[in-house]
Amino acid sequence: QVQLVESGGGLVQAGASLRLSCAASGRTFMWYDMGWFRQASGKEREFVVGITRGGIRTDSVEGRFTISKDNAKDTVYLQMNSLKPSDSAVYYCALRTPGTSTYDVWGQGTQVTVSS
């Protein structure tokens, strides 16, 4: 059974950068699509960025966030730049089998708080 563990969250000031990591165990993720999602307090979880097993990226955060992966380390990263207070949320990484529409393995999340 694959497990995903996020790390790297914390409290930063507006304008700062932060890099989140998501380490996979139990299954190599190079064969899967990976995504980062976030959920702010009182709001629904939303898609942030994704990367397919072939390395094709999609994002929805004005180009400020970048996803990358290191297949050798079974780790996916989320580089976040020019952070805003509105980026404050719990960030989750997730795994999706290529050809399907559902991310079906999720990490426990890591809190990111951006102060103004």
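So here's what we get for this one:
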| read-out | value |
| --- | --- |
| Odd one out for Ile51 among (1) of a type in the set (A, V, I, L, M, F, W, C); (2) over 23 Å from Gln13 (Cβ atoms); (3) more than 12 Å from the chain's Cα centre (by Cα); (4) crowded, with 16+ Cβ neighbours inside 10 Å | (3) |
| Single condition Ala16 does not satisfy, out of (1) open to solvent by less than 70 Å² (accessible area, probe 1.4 Å); (2) in a strand (DSSP E or B) | (2) |
| Selection count where residues are modelled with pLDDT of 95 or more and either among the β-branched types (Val, Ile, Thr) or open to solvent by 90 Å² or more (accessible area, probe 1.4 Å) (or both), scope the stretch 100-110 | 2 |
| When residues of the stretch 66-90 are limited to those that are in a helix (DSSP H, G or I) and without any contact (Cβ under 8 Å) to a residue 60 or more places away in the chain, the one least open to solvent (accessible area, probe 1.4 Å) | Asp87 |
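Every residue, every condition in (1) β-branched (Val, Ile, Thr); (2) without any contact (Cβ under 8 Å) to a residue 60 or more places away in the chain; (3) in contact with a strand residue (DSSP E or B) (Cβ under 6 Å, 6 or more places away or on another chain), yes or no:
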position: Leu11; (1), (2), (3): no, no, yes
position: Glu44; (1), (2), (3): no, yes, no
position: Asp59; (1), (2), (3): no, yes, yes
position: Cys93; (1), (2), (3): no, no, yes
position: Thr102; (1), (2), (3): yes, yes, no
position: Ser116; (1), (2), (3): no, no, no
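The values are calculated or read from the model by the stated rules, or taken from the named source; none is laboratory data. Note that this is a predicted model, so its numbers are computed, not measured. Neighbour counts run over all protein chains shown; Cβ positions are idealised from the backbone, glycine included. Areas reflect the complete protein model, heavy atoms only, side chains present, ligands, DNA and RNA absent. Shrake-Rupley method; radii C 1.70, N 1.55, O 1.52, S 1.80 Å.
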